[in-house]
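These notes are about the structure you will find just below.
The values are calculated or read from the model by the stated rules, or taken from the named source; none is laboratory data. All values derive from a computational prediction rather than experimental measurement. When we count neighbours, we look across all protein chains shown, and the Cβ atoms used for this are built from the backbone with ideal geometry, even at glycine. Remember, those area values only see protein heavy atoms, side chains included, never the ligands or the DNA or RNA. Shrake-Rupley method; radii C 1.70, N 1.55, O 1.52, S 1.80 Å.
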Amino acid sequence: MVPTSDGPGPSMVSIPTRYGDTTFRSRLEADWAATLDSNNIEWEYEPETITLDSGTLYVPDFWLPELGTWIEVKGPGIPRTEKTKELAHTRACRCENTCTCRWPGGEFVLLGRPSLASDRTETGHQPRSGYANWETPFGPSTYFVTCPACARAQWTTLKRPWRCRACRALLEKEQVHRPVDRFVRFIETTTRTGLFAMPDLGEPLTDAELGLTDGPEDDWS
Ligand SMILES: [Zn+2]
Ligand SMILES: [Zn+2]
């Protein structure tokens, strides 16, 4: 008998995390929300239950209503991405010649991954929480770009039509960025949970600030 591996493995640790008015299932999801906010990208968390062609019910993590883009956040302990692939396949553009989709190129689906660490060869300030990392589960690779007309940050492909997903302005002359370019700074929502998150600027926290001391309260005055 072959064991199945439908459930998350034992390495999966999801810590419900509050950010703004939303409680996310994991800190990685909350961090992605904060990263979208830092780029002024509008998002909705789990707005819809989708019935996939296979009949499976699926609740993707984020819908970006201005950009026609879904983001499914997957940590390292959650390797299975079949539903995300199926959603991406279903929503991709199938126009024969001119794209008539509501969103140029159809709806995009991204996998939101844990951040990429700062590259040690960088000079100047290196953000401790690293840079946003994403994958395309199906279809052409997606690149991060900012529309020159409406200033909306978004993901696009290098496949025509190459237009802003919000205002349809041409994006052909804009610079696009892959995750490895380390261009999109990743934002962490929590700063007081021990080893994982540190404030982005300044000196490392002391043991007392991290709550690691057993003694009486420090005198802060
Ligand atoms: Zn189309
Ligand atoms: Zn635009």
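Data table
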item	result
Within-15-Å neighbourhood charge of residue 158 [Cβ basis; K, R +1; D, E -1]	+3
Rg to Rh quotient for region 125-194, alpha carbon positions, Kirkwood Rh	1.05
Solvent-accessible area of residue 21 with every protein chain in place, 1.4 Å probe, in Å² to the nearest 10	140 Å²
Assigned charges on the beta-carbon of Lys, Arg, Asp, Glu; region 34-179 dipole about Cα centre (debye)	440 debye
For residue 26, distant residues with modelled amide H under 5 Å away	17
Whichever lysines have a C-alpha closer than 29 Å to that of residue 74, once near sequence neighbours (fewer than 8 apart) are set aside	83, 85, 159
Phi-based couplings in Hz for region 148-163 (Karplus 6.51, -1.76, 1.60; Gly and Pro marked x)	x, 8, 10, 6, 7, 6, 6, 10, 9, 10, 9, 9, 5, x, 9, 10
Within-12-Å neighbourhood charge of residue 32 [Cβ basis; K, R +1; D, E -1]	-2
Region 18-140 - Debye-derived log10 I(q)/I(0), Cα point model, q = 0.13 Å⁻¹	-0.58
Accessible surface, per residue, of region 24-153 when the full set of protein chains is kept, probe 1.4 Å, Å²	47 Å²
Karplus-derived 3J(HN,Hα), 6.51/-1.76/1.60, for each residue of region 165-180, Hz, glycine and proline x	6, 9, 10, 6, 5, 5, 10, 4, 8, 7, 7, 10, 10, 8, x, 5
Carbon and sulfur %, accessible surface of region 103-184 computed with the full protein complex present, 1.4 Å	48 percent
